[in-house]
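Below: the structure, in structure tokens.
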Amino acid sequence: FMSAITVLGTPAEVYRFGAIFCIFAIAYTLMVLCSAEIFLPVFYRVGITSTYEYLELRFNKYLRLCGTVLFTIQTILYTGIVIYAPALALNQVTGFNLWGSVVSTGLVCTFYCTLGGLKAVVWTDVFQIGIMVAGFLSVIIRASVVQGGFGRIVNDSYYGGRLNFWDFDPSPLRRHTFWTIVVGGAFTWAGIYGINQSQVQRYISCKTRFHAKLSLYINLVGLWVILTSATLCGLSLYSIYKDCDPWTSKKVSAFDQLMPYLVVDILHDFPGVPGLFVASAYSGTLSTVSSSINALAAVTVEDLIKPHVRSLSERTLSRISMGMSLFYGIVCIGMAGLASLMGTMLQAALSIFGMIGGPLLGLFSLGILFPFVNEIGAFVGLLSGFTMALWVGLGSQVYPPLPEKTRPLYLSVEGCNMSSGNLMSTTSPFTTGFKAPAAERPAIADNFYSLSYLYFSTLGTISTIAVGVIISLLTGGLKQNTDRKFLLTKEDFLSTFSWLKSGTAENTEELHCVSSTVTQEGADNPAFSQIEMDVAGNSNKTNDL
């Protein structure tokens, strides 16, 4: 989920709204704790392949279908934005045709994801994250040289109001404050890491539950590194263009083109280095799109095909999964066209996760944390949460929040030496298709629809949980007997650190026995190639011996 949206969108966000965005480091920490200690133990114990399989085991098959459909819609929309993102960069840096870039990106992703399965996705991601960091570092280092040292960048950012780390305004209508980022960001990303198939299928394929949790905590360090790099790029961007904003002066057509513009500006004398940045943006996209396509194929096979056609062999299912990867790749390429109408990429992506991921997070929370919640309460809760999140999300697209709510920081054009006739518009062309005329704005637009996009997930989650609990209590939920394996238990919570107590040989031996038991948990992913299945089977036999 660290995609080209991160490479292009996060520095532009810092450039326009300040370094307060780096407080997401706290939200990431809360999110990883929540995912590792609440959702992971249950999913791993149940041994599911599709996350939404849990919903059938805990409630019924109809809720499983609802979860699958919502996930599919969310992933296709998000993947369309991700495919569109690097096309902007390539178009700005090389002049390569925008839609030619979109199609080629989607085809490359679809090709290696279809042939390689989850293993290809994971290993290519490993190399791609290295390229992403290298792209960030090339910009930060060169910007420091151009500006005569990193101290100059920090000084410019300070006097330009970009080092606005702490803003404790409790208003939920403010775009970025400490509370919107920490609370809203934690809910948004918990819906990604805690229950999203693209992430869950990775940690439930680990050898043991301890390895699965460890992978999440190590991943947290990686999130901090990427966030810090993107923030420093944003501050470098401001330092260089503090007197001549490229967007206001019409040198770029969208904020998401600011980073490619900077790269061409400061790295044009270094052959191949601008290409490194383009490769950085593409690496983020390829890693995300391949993971999304793989997850869509896995969910389709597990939730829509296997329950209805039980006579298929594993090899046949593997081939069907490859076919579904190809199908979803083509669909996601088509969805990239819609991405051009959804505003700045970072906000659009997080808004999608909020509107759909929030209610799904609430649904899984009902199942895992509330033993008395029944299927009626869960369904009505999901419907209510999704309605609320979709209502405010679509409303904010039709009536975008006014500048007094979002509070963008000052951008100067005093050093551009341009006539005032060229500096008229400050509206991104990306929002033209949705924005309503100012005279037609109803009162609700400046209140409910101006809710920070980071709170979409929070609203959807809390609405789902509140309604689900109330309806379950009114429909006899207290009388049902729920299997404890579908619930979070006190033995699960913070079990990651149980090894710290194993000081004696007896405790160590007991821990080894527990680890051996846990090894049998988890599940194979249907998007694995047949060879991987055979290797895994032989490995398990060896371990048993």
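The values are calculated or read from the model by the stated rules, or taken from the named source; none is laboratory data. The model shown is predicted, which means the values in this text are computed figures rather than measured ones. Every residue, glycine as well, gets a Cβ built from its backbone with ideal geometry; the counts of neighbours run over all protein chains shown.
In the set 454, 459, which member is in contact with a helix residue (DSSP H, G or I) (Cβ under 7 Å, 6 or more places away or on another chain), modelled with pLDDT of 80 or more, of a type in the set (A, V, I, L, M) and over 20 Å from residue 21 (Cβ atoms)? Walk me through it before giving the result.
Numbers: 454 fails: over 20 Å from residue 21 (Cβ atoms).
Selected residue: 459, the only one of 454, 459 that is in contact with a helix residue (DSSP H, G or I) (Cβ under 7 Å, 6 or more places away or on another chain), modelled with pLDDT of 80 or more, of a type in the set (A, V, I, L, M) and over 20 Å from residue 21 (Cβ atoms).
Yes/no matrix, rows are residues, columns are (1) under 20 Å from residue 69 (Cβ atoms); (2) in contact with a Ser or Thr (Cβ under 9 Å, 6 or more places away or on another chain); (3) not in a helix (DSSP H, G or I):
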position	(1), (2), (3)
21	no, yes, no
29	no, no, no
41	no, yes, no
45	no, no, no
50	yes, yes, yes
55	yes, yes, no
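Conditions first: (1) part of a loop (DSSP other than H, G, I, E, B); (2) of a type in the set (S, T, N, Q); (3) buried (at least 21 other Cβ atoms within 10 Å of the Cβ). Residue 236 passes all but one, so which condition is the exception?
(1)
Kindly indicate whether any position in region 302-313 is touching a residue at least 12 places away in the same chain (Cβ under 8 Å), within 17 Å of residue 11 (Cβ to Cβ) and buried (at least 17 other Cβ atoms within 10 Å of the Cβ).
no
Would you mind stating whether residue 283 is small (Gly, Ala, Ser) and surrounded by 16 or more Cβ atoms within 10 Å (Cβ to Cβ)?
Details: small (Gly, Ala, Ser): yes; surrounded by 16 or more Cβ atoms within 10 Å (Cβ to Cβ): yes.
Here the answer is yes, as residue 283 does meet what is asked.
Going through region 23-43 one residue at a time, which ones are crowded, with 18+ Cβ neighbours inside 10 Å and of a type in the set (A, V, I, L, M)?
Taking region 23-43 as the starting set, the residues that turn out to be crowded, with 18+ Cβ neighbours inside 10 Å are 23-24, 27-28, 31-32, 34-43.
Residues satisfying the conditions are 23, 27, 31, 32, 36, 38, 40, 42.
Among the residues of region 1-19, what is the count of those that are within 26 Å of residue 197 (Cα to Cα) and part of a loop (DSSP other than H, G, I, E, B)? Lay out the reasoning, then the answer.
Keep residues of region 1-19 that are within 26 Å of residue 197 (Cα to Cα), which gives 1-10.
Applying the additional criterion that residues be part of a loop (DSSP other than H, G, I, E, B) yields 1-3.
Within region 1-19, residues that are within 26 Å of residue 197 (Cα to Cα) and part of a loop (DSSP other than H, G, I, E, B) number 3.
In region 106-123, what residues are at pLDDT 75 or above, under 17 Å from residue 336 (Cα atoms) and either outside any helix (DSSP H, G or I) or within 19 Å of the chain's Cα centre (by Cα) (or both)?
The one that is at pLDDT 75 or above, under 17 Å from residue 336 (Cα atoms) and either outside any helix (DSSP H, G or I) or within 19 Å of the chain's Cα centre (by Cα) (or both): 106.
State yes or no: is residue 63 farther than 22 Å from residue 258 by Cα and modelled with pLDDT of 90 or more? It would help to see each step written out before you state the result.
Values: farther than 22 Å from residue 258 by Cα: yes; modelled with pLDDT of 90 or more: yes.
Yes.
Hey, could you check region 253-280 for residues that are of a type outside the set (Ser, Thr, Tyr), more than 30 Å from residue 123 (Cβ to Cβ) and modelled with pLDDT of 80 or more and say which is surrounded by the fewest Cβ atoms within 10 Å (Cβ to Cβ)? I'd like the intermediate steps shown before the answer.
At the first step, the residues of region 253-280 found to be of a type outside the set (Ser, Thr, Tyr) are 254-260, 262-279.
Those still in the list that are more than 30 Å from residue 123 (Cβ to Cβ) too: 254-255, 257-258, 262, 264-266, 268-269.
Okay, now just the ones that are also modelled with pLDDT of 80 or more, so 257-258, 262, 264-266, 268-269.
Numbers: 257: 20, 258: 26, 262: 24, 264: 14, 265: 16, 266: 20, 268: 11, 269: 7.
That would be 269.
Out of the residues in region 22-57 that are among the acidic types (Asp, Glu) and in contact (Cβ under 8 Å) with a residue 24 or more places away in the chain, which is farthest from residue 226 (Cα to Cα)? Give the steps one after another, and end with the answer.
Initial filter on region 22-57 (among the acidic types (Asp, Glu)): 37, 53, 56.
Narrowing further to those that are in contact (Cβ under 8 Å) with a residue 24 or more places away in the chain: 37, 53.
On the way: 37: 23, 53: 32 Å.
Restricting to residues being among the acidic types (Asp, Glu) and in contact (Cβ under 8 Å) with a residue 24 or more places away in the chain, the top hit is 53.
Has region 242-254 got any residue that is closer than 26 Å to residue 25 by Cβ, in a helix (DSSP H, G or I) and touching a residue at least 60 places away in the same chain (Cβ under 8 Å)?
Within region 242-254, the subset closer than 26 Å to residue 25 by Cβ is 242.
Okay, now just the ones that are also in a helix (DSSP H, G or I), so none.
No: zero hits.
Would you check if residue 394 is at pLDDT 80 or above, of a type in the set (A, V, I, L, M, F, W, C), closer than 23 Å to residue 183 by Cα and surrounded by 14 or more Cβ atoms within 10 Å (Cβ to Cβ)? Spell out the reasoning first.
Values: at pLDDT 80 or above: yes; of a type in the set (A, V, I, L, M, F, W, C): yes; closer than 23 Å to residue 183 by Cα: yes; surrounded by 14 or more Cβ atoms within 10 Å (Cβ to Cβ): yes.
So residue 394 fits the description; yes.
Taking region 384-411, which residues are among the hydroxyl-bearing types (Ser, Thr, Tyr) and over 16 Å from residue 443 (Cα atoms)?
Step one: of region 384-411, the residues among the hydroxyl-bearing types (Ser, Thr, Tyr) are 384, 387, 396, 399, 406, 410.
Once the filter is applied, which keeps residues that are among the hydroxyl-bearing types (Ser, Thr, Tyr) and over 16 Å from residue 443 (Cα atoms), region 384-411 yields 384, 387, 406, 410.
Where residues in region 141-197 are in a helix (DSSP H, G or I) and in contact with a Pro (Cβ under 8 Å, 6 or more places away or on another chain), which of them is surrounded by the most Cβ atoms within 10 Å (Cβ to Cβ)?
The initial filter retains those residues of region 141-197 that are in a helix (DSSP H, G or I), namely 141-146, 150-159, 178-193, 197.
Remaining after also requiring in contact with a Pro (Cβ under 8 Å, 6 or more places away or on another chain): 179-180.
Numbers: 179: 20, 180: 26.
Result: 180.
In region 332-373, how many residues are in a helix (DSSP H, G or I) and modelled with pLDDT of 85 or more?
15
Quickly run through region 435-492 and pick out the residues that are part of a helix (DSSP H, G or I), touching a residue at least 60 places away in the same chain (Cβ under 8 Å) and small (Gly, Ala, Ser).
457, 460, 463, 466, 468, 472, 477, listed by residue number.
Condition check: closer than 30 Å to residue 272 by Cβ and at pLDDT 85 or above. Does residue 72 satisfy that?
Numbers: closer than 30 Å to residue 272 by Cβ: no; at pLDDT 85 or above: yes.
So residue 72 fails the test.
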